Amino acid sequence: MFNGSQASYVVGRLRHVEELLTRAVDELDPAKGSPLFHRTTYDASPTQRRLLQDYLEQLRFVIQRFMQAQSLQDSSAPISGLWSFQTALSFALIAIEEMRPQYLRGYGTLDEEASIVAQRFVADAQTLLKRVSSYLATGTGGDLAARIEQLDSTRDEFALLAELERVVKAHGLVEFRSTLEELTERAVAPRLEIAVFGRVSAGKSSLLNWWLGGSVLPTGITPVTAVPTRIAQGEPRINVTFAAGQHTEGTLKELASFISEADNPSNRQGVLEVAVYTQAERLRDGVVLVDTPGVGSLARAGAIQTLQYLPRCDLGILLIEAGTPMTLEDVAIARSLLDGGSDALIVLSKADRLSAQELSAALEYAKQELSARLTVMPSVVPISTHPDCSTLASEWFRDNVEPRLDRYREEAAQTLRRKIGALRGSVIAVLEARLTRGHPSLSREGLKQPVQGDQIAEGRAAIDAMKRDLSLLGGEVREHVGAVLKVGAEDLARAWQERQDLHGASSRAQAAMERRLEQIGENVMQSLSELRAKLEAVIQMQGEQVRSEDLPLPRGLPLVEMPWPANARAFGRPLILTHSAKKAAKRLRQQVGASLAQQLIVYGEALRLWALRYLDELSATYNAAIARYEGLERMTLRPSSPDSETPSMSDDLCRLSTWSGTAPQKGDIQSDPA
Ligand SMILES: Nc1nc2c(ncn2[C@@H]2O[C@H](COP(=O)(O)OP(=O)(O)OP(=O)(O)O)[C@@H](O)[C@H]2O)c(=O)[nH]1
Ligand SMILES: [Mg+2]
């Protein structure tokens, strides 16, 4: 009898033998081997193959009998097939990555053309592999149909979506899966993000608590909110995401321990974002409220995250404490929201603290200041969340917020309907191409042939390259410290030489530095716009029936927030001792260089994250837009479908082509055995 170790050694050897010979026998058969790469030639005759297969069977029998007699068992636990697939995908991604030009150069010089070809291929192949990977990651995608089923089936667009899901699955049109997923996601949760902004203690969290009808968020007179907090309808709980990637769940009571300045000073715990779920009457389905840390020099740690929310929200509410002077930061936030294409509302908070007369003066002042500085004038309304005065808040909500929510919802529904309609057109085109085994419908669809696979891949490579360039952005922005200081110093030295008011010169210097930073942002914006134009051209090259306006526009550059460093007032004085710009620059560097560098890092990071988020959105839309062409291309390359498949395919084509948009069709489909 074998001891335990011997038994497992013997079983291991036998498993190896079976694997070796199974593979060797499979490789003799052209139908079973790899369709692309052949390690062996197919020189075995059918009779030889048969014989070898029989011998292998015999060997298996002998092994099995031996194992039974010796009570040997394969004790290695089987691993999940899907997990193993995921692992194989990871290795495949690495192998593709290793085809980038920098690796190829290790084998000799690489000319420009070869380098472009390699980049294109890597981007293309990785997009596909990542799509498979995300399909596996989202619970193996089997729930897509279930998620669609939960949608309101009386709405025709959802009935059509369900039908499209069925057709895509039935005929293996995997190219359309990611579009289906994106549309389902939008349909399930028509997200609408409303974020509040403002200086520290402006009353942001208090306003959201009023909105939620309870003390959900911590408030207080000192800086409180240290981490952006997203609030949505749901079973009461919190979900914390840390910058390092981990997550933790908790109760609403624990919220303050993650987001408040007192319990998590300067966000030392490295919390990236907290999601709060709660039930509240005013919190409608799909609406996400975002509380942000106050902007301003006192709240540096959270400011970077706040800045990222600016371009991202659908509606931005800027709070300015009634009766306080408007700051450059307030104006910059309002401008950034409006420039970025978000809707903006401005409220003068804590109105209860002022008399009626003072309040009307404060309102007048705020309107004047804003209209002098903004091209579009948002509404400005005084509110209060104080229990004695909360009718102001209720009226504001009724007159300013609710009508907007209705409007956004209608707009979102329209976009969704249009996109589902476009997907229907694409699926029809592919089914037709497949049924007719050619492309007779292409001219009708306005599609050009051949499909420009090269350009499609080049578009992906361009997105990829931009992402890689962005990783260098932080360092690039930091390198601007010297240049930014020089701009400021020259201005100050000139003021001194010309005996101008140094205080005025100091704010001009600040503005010049900010301008310089804005230029970096604008350059990034410019590159993103160029990339978008390039992708648009690629899409248009594929056909005429393309809605390139679907490609999102880059909008809402992060705000440059550069409050004058705390010790800045002091540096007017030492400058009086010099009138050379060079010396001024040196002094400036000594006094504010370090804090300026810190702010530049913050800005660079905000800019990078903003651009990455845009790129993700751009690449998802691009891939969705060209899915139909890739589908068509694959149809021409793939052997045409067996005749047995044709009837159900033509039924599906007919059903989709004549989809009339009446809800009862859904019943028809459900009773269909297909
Ligand atoms: N009288 C009055 N006080 C208010 C009102 N809204 C907020 N406050 C008070 O103002 C202080 C700051 O309120 P918060 O809601 O914490 O302000 P915040 O903007 O969230 O502050 P940070 O999170 O630190 O940026 C608290 O003491 C609130 O009680 C209001 O409408 N009226
Ligand atoms: Mg707060």
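Report the extension gain between HIS386 and ALA44 in nm, rounded to one decimal, defined as 0.36 nm multiplied by the number of residues separating them, less their alpha carbon distance.
Values: separation 342, 0.36 × 342 = 123.12 nm, distance 8.84 nm.
So the extension gain works out to 114.3 nm.
Distance between the modelled labels on GLU411 and GLN590, one decimal in nanometres: 5.3 nm (7 Å Cα→Cβ projection). Figure note: PHE2, PHE85 ranked by solvent-accessible area, largest first, 1.4 Å probe, ligands and nucleic acids not counted: PHE85, PHE2. In a DSSP loop and with at most 15 other Cβ atoms within 10 Å, there are no trypsin sites (Lys or Arg not before Pro) in segment 327-366.
Viscosity 1.567 mPa s, temperature 4 °C: Stokes-Einstein D of segment 9-98 from its Kirkwood Cα radius, in µm² per second?
Details: Rh = 15.9 Å.
Answer from the Stokes-Einstein relation: 81 µm²/s.
In the full protein context, segment 182-266 carries 43 Å² of accessible surface per residue, based on a 1.4 Å probe and ignoring ligands, DNA and RNA. Rolling a 1.4 Å probe over the protein chains gives CYS654 an accessible area of about 80 Å². In this structure the amide hydrogen of VAL288, modeled in the peptide plane, comes within under 5 Å of the amide hydrogens of LEU192, GLU193, ILE194, none closer than 5 places in sequence on its chain. At full extension, THR327 and GLU518 could sit 66.9 nm farther apart than now, given 0.36 nm per residue minus the alpha carbon distance.
Quote the FRET efficiency, to the nearest 0.05, computed for PHE61 versus LEU89 with a Förster distance R0 of 45 Å and r equal to the Cβ-Cβ distance.
Values: r = 36 Å, r/R0 = 0.80.
According to the calculation, E is roughly 0.80.
Please state the charge dipole magnitude for segment 117-228, taken about the Cα centre, from unit charges on C-beta atoms (+1 on K and R, -1 on D and E), reported in debye and rounded to the nearest 20.
Numbers: 12 positive and 13 negative charges, 102 e Å.
Computed about the Cα centre, the dipole is about 500 debye.
The peptide list 58-65, 267-274, put in order of mean Cβ contacts within 10 Å with the highest first, becomes 267-274, 58-65.
Couplings 3J(HN,Hα) for segment 100-108, derived from phi with the Karplus relation 6.51 cos²θ - 1.76 cosθ + 1.60 (θ = phi - 60°), are 5, x, 4, 7, 5, 5, x, 9, x Hz, where x marks Gly and Pro.
Top to bottom by accessible area (1.4 Å), largest first, where do ASP469, ASP550 land?
Numbers: ASP469 95, ASP550 45 Å².
My answer, sorted largest first, is ASP469, ASP550.
Computed from the C-beta positions of THR248 and ALA24 and an R0 of 51 Å, the FRET efficiency is 0.50 to the nearest 0.05. Taking the Cα centre of segment 1-81 as reference, the dipole from Cβ charges on Lys and Arg (+1) and Asp and Glu (-1) amounts to some 100 debye. Per residue, the accessible area of segment 51-158 comes to 68 Å² when a 1.4 Å probe rolls over the protein heavy atoms. Subtracting the Cα-Cα distance of GLU112 and LEU82 from 0.36 nm times their residue separation leaves 6.8 nm of extension gain.
The GluC sites (Glu not before Pro) of segment 57-106 that meet both conditions, a loop assignment by DSSP and at most 12 other Cβ atoms within 10 Å of the site Cβ, are GLU98. Taking the charge dipole of segment 106-263 about its Cα centre, with +1 at Lys and Arg Cβ atoms and -1 at Asp and Glu Cβ atoms, the residue from SER215, THR184, LEU161 reaching farthest to the positive side is SER215. Once both labels are positioned 7 Å from their Cα atoms along Cα-to-Cβ, the gap between ALA31 and ARG191 label points is 4.8 nm.
Please report the projected area of segment 174-279's Cα convex hull averaged over all directions, in nm². Mind showing how you got there, number by number?
Details: hull surface 33.0 nm².
Dividing the Cα hull surface by four gives the mean projection, 8.2 nm².
The values are calculated or read from the model by the stated rules, or taken from the named source; none is laboratory data. In this text, all values refer to a predicted model and were calculated from it rather than measured experimentally. We place every Cβ from the backbone using ideal geometry, glycine too, and count neighbours over all the protein chains shown. Protein only, heavy atoms only, side chains kept; ligands, DNA and RNA dropped before computing areas. Shrake-Rupley method; radii C 1.70, N 1.55, O 1.52, S 1.80 Å.
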